[in-house]
Amino acid sequence: MSSEPILRVKDLTIDLLTAHTVVRPVDGVAYELSRRETLAIVGESGSGKTVTCFAPLGLMPVGVQADISGSILFDSRQLVGSDNETLRTDHLDKFKRPGFRSSCGHAEVKLGYFGYLPSDPAGGIERAHRVLENEANGFSAQATGCVSRLSRSECSGEGVRIMSAVLEVEHLVTSFPSAKRGQTIKAVNDVSIHLNQGEIVGLVGESGCGKSTLGRSIVGLEKPQSGRVVFDGVDLGSLSGRRLREARRAVQYVFQDPYASLNDRQTVGEAINEALIIAGLRSQTEREGRIAELLNQVGLATTVRDRFTRELSGGQRQRIAIARSLAVEPRVLICDEPVSALDLSIRAQVMNLFLDLREKLGVSCLFIAHDLALVRQAASRVYVMYLGKVVESGSSEEVYRNPSHPYTQLLLASVSEADPATERRRNPPLITGEIPSPTNPPSGCFFRTRCPLSVEACAEAEPVSQEVSSMHKAACRFAGDLFAKRVSAA
């Protein structure tokens, strides 16, 4: 057993403020380090390992302002908020320089993932954590083989927000035959996204842009022509039989219309019980207990189990649909416009339910929606789709504050203000024209026929997604200029 921790980090969140943007490399991290204990922090480049390890020393990148929240207790003394002189005289001298290694003791291994997968992850060990002299050894690493030799115990995960990619979609293409002979409709065209554990990610765009088809392709309701859907490191396309059924249980779908997705002839109990039987809970007693538990999780009284679904309100029906999806204990929910058919008060209830499920169960959600304000409230990251392609992606805060694709800017400008007087004074630019036919999309940039910035060069080549700031990408030749203009105007 390890001794009393000498270093306790809880709910550590770090925002780095530069002249152009705000980056959050560390979000809700917690760990403990005891005397004569080795702590390994593992993850790819950009996962936040170095910043996490530098935080106890107050060491941050040069040229940025760091906003640190949470708690860092060293030897029962709070470091967050300490001035530099106190930190230096009272604590810093107890830390050794990088390179110190004590004898290998028990360890906890934290796996971290933050941001886009690098094309060539570096290997080896980066000794970014300063260590306690003769007391403990902490380091961050990308080479898990080295960590496995140095670390002997596994991560308990208690109180830790592990930012690992649970679902990855890689270059997915889903097409449908057109009514015209020989033509196809590429509803999803070379889309790549990822979803981290316990994260809500928004997917927005106009009707017909391919959002729902992407969601249905992920769960296997539509068959992609190419690309991969990877869940927990396993390509779902390579699975069959029992293994595929088990994987599908972990990724569930919440449909847009609860009036269509539930059978009016079934009671609430029967609707949920059917999912439990398919999941393999054969005991009637087990199923009854699970139904009561699920109704409680979605905020409904157990008395509704004997009512027919047609007797319930829209919000109650959507809660039942969510409970049925949760019956098989999924790790990922694909939520296809789950609140668009509900009135505003019921929308708030259902959205709060999704936030509660994320906090209590660690369920990840891909939230497909038209309502941009709703996505901003719930999602930590957002993808913007147009005509089957992702045109912009990044943290919700960054995309909404500094949209760097003309389409995203026009979408956000179309959102009405809550104050009627302010709304009447607005003169927002409008998206003109119709979405081009997916059977015959424009050459080059698909958005050029509706874009106010379009030039001749836009028709010559399809724009490549470029990084305009950390964790923020846009597929437009003007993306960098638009971003700089928004930042300078702020």
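The values are calculated or read from the model by the stated rules, or taken from the named source; none is laboratory data. Note that the structure is a prediction, hence the values are computed from the model and not measured. Here the Cβ positions follow ideal geometry from the backbone for every residue, glycine too, while neighbour counts run over all protein chains shown. The area values use the complete protein model at the heavy-atom level, side chains included, leaving out ligands, DNA and RNA. Shrake-Rupley method; radii C 1.70, N 1.55, O 1.52, S 1.80 Å.
Observations on the model:
- The distance linking region 372-438 with region 300-354 is 27 Å (Cα centroid to Cα centroid, whole angstrom).
- A 1.4 Å probe run over region 422-468, with the rest of the protein chains in place, finds 68 Å² accessible per residue.
- Stretching Ala292 away from Val234 to a fully extended chain increases their span by 17.6 nm, per 0.36 nm per residue minus the current alpha-carbon distance.
- Gyration tensor (alpha-carbon) shape descriptor, region 219-261, a/c threshold 1.5: prolate
- Of Lys389/Lys473; Lys360/Lys389; Lys211/Lys473; Lys49/Lys360, those spanning more than 22 Å from alpha-carbon to alpha-carbon: Lys360/Lys389; Lys49/Lys360
- Subtracting the Cα-Cα distance of Arg310 and Lys223 from their residue separation scaled by 0.36 nm leaves 28.1 nm.
- Each of Lys389, Lys473, Lys211 has its accessible area taken with a 1.4 Å probe; listed largest first, they run Lys473, Lys389, Lys211.
- Compactness relative to 2.2 N^0.38 Å, alpha carbon Rg of region 218-353: 1.10
- Counting 0.36 nm for each residue step from Glu434 to Gln284 and taking away their Cα separation leaves a gain of 48.6 nm.
- Global geometry of region 413-480, whether rounded, prolate or oblate, following the gyration tensor of its Cα atoms and the 1.5 cut on a/c: oblate
- Paramagnetic label reach from Glu246 (point 7 Å along Cα→Cβ; backbone nitrogen cut-off under 20 Å): within region 330-370, residues 330-333.
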